[in-house]
1. What is the residue count in the stretch 248-294 for residues that are exposed (fewer than 12 other Cβ atoms within 10 Å of the Cβ) and basic (Lys, Arg)?
2. Anything in the stretch 321-347 that is of a type in the set (Gly, Ala, Ser), closer than 17 Å to SER373 by Cβ and buried (at least 16 other Cβ atoms within 10 Å of the Cβ)? List them, or say none.
3. With the requirement that a residue be in a loop (DSSP other than H, G, I, E, B), within 19 Å of PRO376 (Cβ to Cβ) and β-branched (Val, Ile, Thr), what does the stretch 256-313 give you?
4. Please go through the stretch 141-174 and give me each residue that is assigned to a helix (DSSP H, G or I), more than 26 Å from GLN293 (Cα to Cα) and open to solvent by less than 70 Å² (accessible area, probe 1.4 Å), ordered by number.
5. When you scan the stretch 183-203, how many residues do you find that are open to solvent by less than 40 Å² (accessible area, probe 1.4 Å), under 17 Å from the mean Cα position of the chain (by Cα) and either of a type in the set (D, E, K, R) or under 12 Å from VAL223 (Cβ atoms) (or both)?
6. If I ask for residues that are open to solvent by 30 Å² or more (accessible area, probe 1.4 Å), within 25 Å of ARG177 (Cβ to Cβ) and β-branched (Val, Ile, Thr), which ones from the stretch 348-372 would you list?
7. Hey, SER221 hits all of (1) surrounded by fewer than 21 Cβ atoms within 10 Å (Cβ to Cβ); (2) under 18 Å from the mean Cα position of the chain (by Cα); (3) assigned to a helix (DSSP H, G or I); (4) of a type outside the set (Lys, Arg) but one; which does it fall short on?
8. Looking at ALA93, ALA113, ALA57, ALA79 in this structure, which one is at pLDDT 95 or above, open to solvent by less than 30 Å² (accessible area, probe 1.4 Å), over 30 Å from VAL168 (Cα atoms) and assigned to a strand (DSSP E or B)?
Amino acid sequence: MEIRDLTPDDFDDVLDLRWRSFGPLSPADQEAWRRVFAPVAVEGRYLGAFDGDRLMAAARLRPFTQWWHGRPQPMAGVAGVTVNPEDRGRGVAKRLMTAVLGRAAELGDAVSALYPATSPLYRAVGYEHAGAQNVVGIPAERLRTLRPGVPVELRRMGPDDAPELLRVIARVHARTRASGPITWDERTWRLLLAQANDFRYVADDGYAVYRWDGGDLEVDSVVAASEATSRALWSLIGSASSVAQTVFAAVAPDDPVLWSLEERTKETVRQTRWMLRVVDLPAAIERRGYPAQVRAEVLLEVEDAILPGNAGTWRLTVADGAGRVEAASGEGTRVGAGGLAALYAGVPTATLRLSGLLTGPDASDAALDTIFSARPYMLQYF
């Protein structure tokens, strides 16, 4: 088996692989997929496993920015992991994913995330569950009444607004110290902002993207850094309450809209879980944000057979909202690649110990919980 970069000439084989894995695509979707495929392949972000000239499996790395405690870093979003039916159960996917992680490191991505179709494959290469996309159903009438106390200027967005939208997103996630949310690159945002069926509004400190879904509304994302803008965007969506009964919205687990509603008793939340992987430990620690008041020093012993550059004993130092690691010696808290990913994402040390993902001395557990404290989420599915 050979793993190599896919090229635009491989498009028909990739399309056949996707059809056998995910079902058929309409002619319009095939054409849209063709437009996406070519630039990703040229950039070295699409890998294929081959048996001679026959494509067995494929996976792509999508370029995202992900925020951790309000600080951004490039993230490899793994998507489109597909294996031909006749090649499943032969270890093809694990070998392909190992190559994908190596490519993520080459591209400078210190972390990687994905939405798994199955957990065991990705756990085998060091991913672990970190957060979810949370979709909540909210009566549209309740949103309609969330009018701001002061005027907020909202304007429609188009493709040329992509650079300004990225600046707004960066300001909001930094100000709210968000953990987990991702954003597309400018090229992808330009495509998304041209979607005919979406309604898109932006303010100086927030934005909303939503659409009709039958007789209801589907909210892709509402992000805001002030109460007034949050209320303005949500009440704008709720203004359709004379027609739409329910708004199904992707929200953060502690989204302010849930505390702004006058009536809130029972909620149905649909979660789609996502997994995280640390690709480059020193860079991932340095790029992450931390609570400004925390000052701590902890020893970590990391085992990572897939990416051995992460393995070894590390001294983790956090102060003034910044962190770093350096090679060290001694006995520390022990984690594998999966445990490291979960710890990085804020899963409590007690949970990790009881699940076997963290072992060794427990003297630093309280410090680790404080350092990596987070409630990670995503608004977008990829």
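The values are calculated or read from the model by the stated rules, or taken from the named source; none is laboratory data. Here the structure is a predicted model, which is why all the values come from computation and not from measurement. Quick reminder, even Gly has a Cβ in these numbers, built from the backbone with ideal geometry, and neighbours come from all protein chains shown. Side chains are part of the model used for accessible areas, which takes the heavy atoms of the whole protein and leaves out ligands, DNA and RNA. Shrake-Rupley method; radii C 1.70, N 1.55, O 1.52, S 1.80 Å.
1. Final tally of qualifying residues: 1.
2. Those that are of a type in the set (Gly, Ala, Ser), closer than 17 Å to SER373 by Cβ and buried (at least 16 other Cβ atoms within 10 Å of the Cβ): GLY321, GLY323, GLY339, ALA341, ALA342, ALA345, GLY346.
3. Of everything in the stretch 256-313, those that are in a loop (DSSP other than H, G, I, E, B), within 19 Å of PRO376 (Cβ to Cβ) and β-branched (Val, Ile, Thr) turn out to be VAL279, VAL294.
4. LEU143, PRO159, ASP161, ALA162, PRO163, GLU164, LEU165, LEU166, VAL168
5. Count: 1.
6. Listed by number, the residues that qualify are THR351, THR370.
7. So the condition that SER221 fails would be (3).
8. ALA57
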